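The structure under discussion appears below in the form of structure tokens.
Please treat every number below as a calculation from the coordinates, not as lab data. On a predicted model such as this, the values are computed, not experimentally measured, just so you know. Here Cβ is always computed from backbone atoms with ideal geometry, including for glycine, and neighbour counts include all displayed protein chains.
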Amino acid sequence: MSSITYTIDNNGVAVLTVNTPGGSVNRLDQESFIYLEDFLNKIDRDFDMLESDDEIKAVVIASGKDGSFISGAQPREFLNFTLADEGRSYSLKAQEISEKIENSRVPFIAAISGECLGLGLELAIACKYRVAANTRKTALGLDQIEFGLIPCAGGMLRLAKLIGTKETLDMILTGETLDPHSAKQMGILDEVVPEEYLLSIAKKRALDMSDKEFRPRRHRFGGMANALIKENPVSRKMYFDKAKKEIKESRDLY
């Protein structure tokens with residue numbers, strides 16, 4: 001049974017539902033990557049055809065589980081890696097999928113309810129728009145440092161463009177999670193809505209963006225620290241050296 005399925009409504013909005021079998025949380029594995037890649041290739045094929053009976057105009061990524069949007073990667077896959085090249089290949093595939101979502105010819109919208117952590121957040125910030133449910137279970141973060149890892153799907157650079165380098169590194173180094181309102185205030189989320197309206201609003205935003213009638217208003221980050229890191233190579237090197245050191249120390253614990 002696949003952990004991802006999709007349906008298409010009459011308006012051409014596809015809902016990709018993530019529902020990992022046999023667990024209480026959703027996690028992405030290499031089988032998920034294959035499904036996502038096939039789905040993205042289908043979108044390209046439909047665009048290249050003059051007509052398609054099931055043309056997809058926009059995509060909403062949602063969860064089929066209560067309390068978990070996507071809680072990260074599948075840990076057992078990392079445990080099975082025996083060579084550095086296996087980890088490198090995994091990271092490259094994750095980056096490729098994220099880039100295809102980011103550059104897709106149709107807009108992708110993340111409808112977040114529950115945990116959106118690690119690879120889950122990396123996937124969400126590759127989307128054009130992020131709307132989250134206003135619930136206690138909704139939490140966003142890059143928690144890979146708990147496993148001695150760093151974001152592997154290009155999330156570090158994408159997040160820095162959204163919220164600034166300093167805030168991004170702070171999130172990575174602490175593994176801190178954010179509630180929906182804090183994430184919106186920082187600029188990670190575009191909208192926070194009541195849970196019962198999450199999917200309908202996400203689909204409405206998806207359709208609006210497909211018609212190019214809607215452009216999200218984004219928070220502009222700033223501050224002295226971000227300016228120093230961005231413009232000063234010495235400050236930037238100090239921050240990244242600190243990140244590498246703390247991640248290495250974390251890895252040594254496992």
**Neighbour-count ranking [beta-carbon atoms within 10 angstrom, fewest first] of Leu121, Leu159** = Leu159, Leu121
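Using a Förster distance of 41 Å, how high is the FRET efficiency between Asp48 and Asp85, based on the Cβ-Cβ distance and rounded to 0.05?
It comes out at approximately 0.75.
Let me make sure I get this right: for the stretch 7-165, a, b and c are the square roots of the gyration tensor eigenvalues over alpha carbons, sorted descending. Under 1.5 in a/c it's rounded, otherwise prolate if a/b > b/c, else oblate. Which is it?
Judged from the Cα gyration tensor, the stretch 7-165 comes out prolate (a/c at least 1.5, a/b above b/c).
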**Message:** Over the stretch 55-140, what portion of Cα pair distances is larger than 17 Å, expressed as a whole percent?
**Reply:** 53
**Asked** What share of the DSSP beta bridges in the stretch 100-218 is antiparallel, in percent to the nearest 5?
**Response** 15
**Prompt:** By per-residue mean of other Cβ atoms within 10 Å, what is the highest-first order of 162-168, 94-100?
**Reply:** 162-168, 94-100
**Complete:** dims of the stretch 138-200, Cα set, principal axes, largest to smallest, nearest Å -> 36, 23, 19
